[in-house]
Amino acid sequence: MPKLNILIAGSTGYIGVQLIKLLVKHKNVDIKYLCGNSSVGKKITSFDRSLKSKKLPKITKYNKRYLNYVDVIFTALPNGEAQVISKDLLNKNTLIDLAADFRLKKGSEYLKWYKQKHKALNNIKNSIYALPEVTETLVKKFSIIGCPGCYPTSILLPLIPLFKKRSINLNNIIIDSKSGYSGAGRGVHKRFKSKNLYESLSAYGIGFHRHNPEIYQELKNYTSSNINFIFTPHIIPMFRGILSTIYLDLKPGITLDKVQNILKKFHKKNKFVKIKSPNSFLSTNDVMNSNYCFISVCKTKFKDKIIILSAIDNLIKGGAGQAVQNMNLKFGYKISEGLL
């Protein structure tokens, strides 16, 4: 089988560099172009010395003629830029976006939450919101693959199975998520220049974070009832990792053991989701530098309330690793190729 030729646009950001580090281990791909704007002519080793032994192209400015020579375009760009590239796609191309350009299914929602008009409305119908453990091989039918956000990945993997089985009360879901500062990109120090990222914990986007419509959209696929949840993200003084703590009210007749069994059955075939023993304490260190999501169901002092812990590495399972997973599903490669 011939190798896929790859272009990575936004190759020098935290996610872009992580993606390169995964793809150089993937036996079915060749990285043909690394694209960036402010770093044209530089080597990627300027951003990560661990890639020094790899033969990689120098960084160039994106040019649509490159699309003639590649099969897959990964975009890890500021919101809005993948939409522009999507209008240049040829029939042979697959676009896998790691930003938010193809996560929301309504242009009006994108405008509301991202404060900019969607530049490729006609391409939304050609795209799929692809959470690999849920959409699986459906990605084969689409030329544009929108990868979930890092926080929603940690939230949807435990919640979707419970929504499908109607096992929880939908009017009082509380989600408290904490992420390393790499989730905000290389510009994090400018965006949060008034805060000491290395010694303090900061809440942000309270009540109105951009991941709210994404979470709602995907959960709504599994219920006709109203969904009321509160999602609060935090940046904590570490580089990578997410721990989401989800507070749930159980429906009558549902127990912690039943929730445990629902999750285990749903994710039995999913290599990168591990349902830990009930009441296991989780740490981001458990999943650091891996494509795994660890989930733990915990009891509380109330029989009808539980807490779910969900831990991922935001740069891999919440970003680059998930994108590679979707590529593997799209082209029929082993699901773990490039990810172990």
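The values are calculated or read from the model by the stated rules, or taken from the named source; none is laboratory data. No experiment lies behind these values; they were computed from the predicted model shown. Cβ sites come from the backbone with ideal geometry, for glycine too, and all protein chains shown count toward neighbours.
May I ask you to verify whether Thr300 is polar (S, T, N, Q) and closer than 26 Å to Leu250 by Cβ? Criteria met by Thr300. For segment 106-119, the set of residues classified as surrounded by 17 or more Cβ atoms within 10 Å (Cβ to Cβ) and closer than 17 Å to Glu218 by Cα consists of Tyr110, Trp113, listed by residue number. Here Leu282 clears all of (1) touching a Leu at 6+ places or on another chain (Cβ under 6 Å); (2) of a type in the set (A, V, I, L, M, F, W, C); (3) under 19 Å from Thr135 (Cβ atoms) except the condition numbered (3).
Evaluated against (1) touching a residue at least 24 places away in the same chain (Cβ under 8 Å); (2) of a type in the set (A, V, I, L, M); (3) more than 23 Å from Phe331 (Cβ to Cβ), Val40 falls short on exactly one condition, (1).
Restricting attention to segment 126-133, does a residue exist that is under 23 Å from Asn37 (Cβ atoms) and not assigned by TED's automatic domain parsing to the domain that holds Pro233? No, because not a single residue in segment 126-133 is under 23 Å from Asn37 (Cβ atoms) and not assigned by TED's automatic domain parsing to the domain that holds Pro233. Residues that are closer than 21 Å to His26 by Cβ, of a type in the set (Ser, Thr, Tyr) and more than 18 Å from the chain's Cα centre (by Cα): does segment 317-338 have at least one? Yes: one or more hits. Checked against (1) modelled with pLDDT under 95; (2) in contact with a Leu (Cβ under 9 Å, 6 or more places away or on another chain), Val17 passes all but a single condition, namely (1). With the structure loaded, tell me whether Leu156 is in a helix (DSSP H, G or I), farther than 14 Å from Asp313 by Cα, under 15 Å from the mean Cα position of the chain (by Cα) and among the hydrophobic types (A, V, I, L, M, F, W, C) or whether it fails that test. Against the criterion (in a helix (DSSP H, G or I), farther than 14 Å from Asp313 by Cα, under 15 Å from the mean Cα position of the chain (by Cα) and among the hydrophobic types (A, V, I, L, M, F, W, C)), Leu156 qualifies.
Restricting segment 263-282 to residues that are surrounded by 15 or more Cβ atoms within 10 Å (Cβ to Cβ) and of a type in the set (Phe, Trp, Tyr) leaves a set whose member that is nearest to the chain's Cα centre (by Cα) is Phe272.
Residues that are under 21 Å from Lys317 (Cβ atoms) and not small (Gly, Ala, Ser) within segment 238-259 comprise Met238, Phe239, Arg240, Ile242, Leu243, Thr245, Ile246, listed in sequence order.
Output the strands (runs of 3 or more DSSP E) that fall wholly within segment 269-340 and possess 1 or more residues being within 20 Å of Gly183 (Cα to Cα), or say none. Here the list reads 293-299, 305-312. A residue that is surrounded by fewer than 19 Cβ atoms within 10 Å (Cβ to Cβ), touching a Lys or Arg at 6+ places or on another chain (Cβ under 8 Å), of a type in the set (D, E, K, R) and more than 25 Å from Tyr247 (Cα to Cα) cannot be found anywhere in segment 319-334. Scanning segment 233-262 for residues that are outside any helix (DSSP H, G or I) and surrounded by fewer than 20 Cβ atoms within 10 Å (Cβ to Cβ) yields a total of 13. Taken across segment 132-150, residues that are in a loop (DSSP other than H, G, I, E, B), in contact with a Leu (Cβ under 8 Å, 6 or more places away or on another chain), crowded, with 21+ Cβ neighbours inside 10 Å and of a type in the set (A, V, I, L, M) do not occur at all. Reported count of residues in segment 203-232, each being among the hydrophobic types (A, V, I, L, M, F, W, C), farther than 14 Å from Leu170 by Cβ and either part of a loop (DSSP other than H, G, I, E, B) or not assigned by TED's automatic domain parsing to the domain that holds Ser290 (or both), is 2. If you go through segment 41-96 and keep only what is exposed (fewer than 13 other Cβ atoms within 10 Å of the Cβ) and on the phi > 0 side of the Ramachandran plot, you end up with just Gly41.
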